[in-house]
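First up is the structure itself, then whatever we jot down about it.
Each value in this text was obtained by applying a stated rule to the coordinates, not by laboratory testing. In this text, all values refer to a predicted model and were calculated from it rather than measured experimentally. Here Cβ is always computed from backbone atoms with ideal geometry, including for glycine, and neighbour counts include all displayed protein chains.
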Amino acid sequence: MPYKDLREYLEVLTGKGLMKWVEREVDKDWEVSCIARKVFQQEPEKRYALGFKRIKGHNSPVVVGTVAASRDVYAAALEISPGIDQIISKWERALSNPIEAEIVTGGVCKEVEEKGKEVNLNRFPVPTWTPEKDPGPYITAPCMITKDPESGIRNVGIYRMQVKGADRTGILWDLPSQHAAIHFAKYEARQRPMPAAVAIGVDPVILMAAAAKVPLDVDELAVAGALRGQAIPLVKCETIDLEVPATAELILEGEIIPGEKETEGPFGEYTGYMGGPYELPLFHIKCITHRKDPVYQALHSQMPPSESSLLRQIPEEANVYKHLVHQLKIPGIIDVHLPESGGSYAILWIRMKKMYPGHAQQVLSTAWTHHPAFAKWIVVTDEDVDIRNPFMREWALSWRVEPRKDVHILPNTSSLLLDPSAAPPDVPLWERPLSSKVLIDATKKWKYTDIALPPSKYMEKVEEDWKKYGL
Ligand SMILES: Cc1cc2nc3c(=O)[nH]c(=O)nc-3n(C[C@H](O)[C@H](O)[C@H](O)COP(=O)(O)O)c2cc1C
Ligand SMILES: [Mn+2]
């Protein structure tokens, strides 16, 4: 049964031991972030979601790590077992069979309504994530909903927002190809403000879909419906012509004005470095609706590994796999992996069984075309290399690559604009130069001699007798 709302899901997560609650009062402007960081510095399987019941100066609780503290948490949100294969195939099925959201009347997100002068974002416990380095609190789990003014197709994306006043935030689209940025360019061309709604505190599948790169003409809420196995219920906004998830904890309704920009940032970015400040558009809030005593949901980001790097990694691996295997129908692909050390965007590893001359080069030349900026480093290797194991990745690079022959630089490709190596920090984000990619063929080019390990029959014998050695 799909979760009714975030609260029901948090109860289940807590019951499974995958979420822990802090009773002690904490400071949202440094402590929440530092406690979450400490949890993320543990082994992946030891991480858990966090709830903070008492935030200094506020009445609402804060929850973080609730979607992707670990693969176990992510799987619990999808109501499946946590194996990589199950998660990726769930994603593939959802991308291929979306379930459109449905409009209902009334929803708990309307329990309290504040308009005009009553709007006060500062009433909600929005944390500061990089204390002393970020200029203030940032909303890190905003599901921004906009519509294409031509096609009317809805988009939902997570674009973090700096709280800049009671009714104002900044907004960062880190590439002009971000879908809300494409919508906004169309509104700007018409000299009309773009209506936008932001849902915070949602069923985790909505955040999963909002973090994923799905095609421009696909509504992320329909993908979220497919992940959940049931349509997402939506209600109409009060002041703008958009619909929002009915069970959300908090909704911000507002608009973004053409041509208007203000200094925003810096912010601790997913690359692991501070990004900005940049001149960015503003989101003006006209109305806030929320549940009574809303639960404030945040995503943990900054230096990977983080909730953000896992949340972006999973659907992107599914996307690349789907692109190569189902769209291009290239045979022999076993696994694709975007390590979190590269923010789950910069490095792409592919494990494949080479079947014909030029097969590895075919994969290297096409794997990145699914997204122009992702995958600055692309490495293909053979079926015997576990690309999810960093040691095995380095082993493959060490002995299956003759640099002069196997490393190729592809110039003039889109840049991951927040990449600090792309340009010095004072170059405006959207004016950064083109970048390049490294394509590495780390497959064996001829039959290698045997692996230098004892035959397995001897190892198994030692295993059987292990206790007898007194070790
Ligand atoms: C925690 C988190 C924060 C993010 N912040 C931003 C951001 O500030 N700007 C941005 O362009 N993308 C950000 N992203 C990535 C986008 O959500 C992602 O690219 C998504 O595909 C955007 O939706 P779209 O494809 O419909 O544009 C963030 C993702 C996560 C998980
Ligand atoms: Mn989109």
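Points to keep in mind about this one:
- Within region 323-394, percent of DSSP bridges classed antiparallel, to nearest 5: 45 percent
- Shape call, region 183-287: gyration tensor on alpha carbons, a/c limit 1.5: oblate
- Under 15 Å, Cβ to Cβ, from Ile409 - net charge with Lys/Arg +1 and Asp/Glu -1: +2
- Label-point separation, Glu8 to Asp384 (7 Å along Cα→Cβ), nm: 5.1 nm
- The modelled label-to-label distance for the pair Asp27/Ile451, using points 7 Å beyond Cα in the direction of Cβ, is 5.2 nm.
- If the chain linking Val427 and Cys34 were pulled fully straight, counting 0.36 nm for each residue of separation and taking away their Cα-Cα distance, it would gain 138.4 nm.
- Region 301-354 and region 245-297: distance between their alpha carbon centers, rounded to Å: 28 Å
- Sequence of Arg351, Arg123 once ranked by neighbouring C-beta atoms within 10 Å, starting from the fewest: Arg123, Arg351
- Label-point gap, in nm, between Tyr273 and Leu175 - each point 7 angstrom along Cα→Cβ: 1.9 nm
- Shape category assigned to the chain from the gyration tensor of Cα positions, a/c cut at 1.5: prolate
- If you sort the three axes of the alpha carbon gyration tensor as a ≥ b ≥ c, you get a/c of 1.5 or more for region 328-442 and a/b above b/c, which makes it prolate.
- Burial ordering of Thr443, Thr271, fewest other beta-carbon atoms within 10 Å first: Thr271, Thr443
- Neighbour counting of Cβ atoms within 10 Å sorts the residues Val163, Val407, fewest neighbours leading, into Val407, Val163.
- Under 15 Å, Cβ to Cβ, from Lys28 - net charge with Lys/Arg +1 and Asp/Glu -1: 0
- Distance from the Cα centroid of region 383-438 to that of region 161-240 is 30 Å (rounded to whole angstrom).
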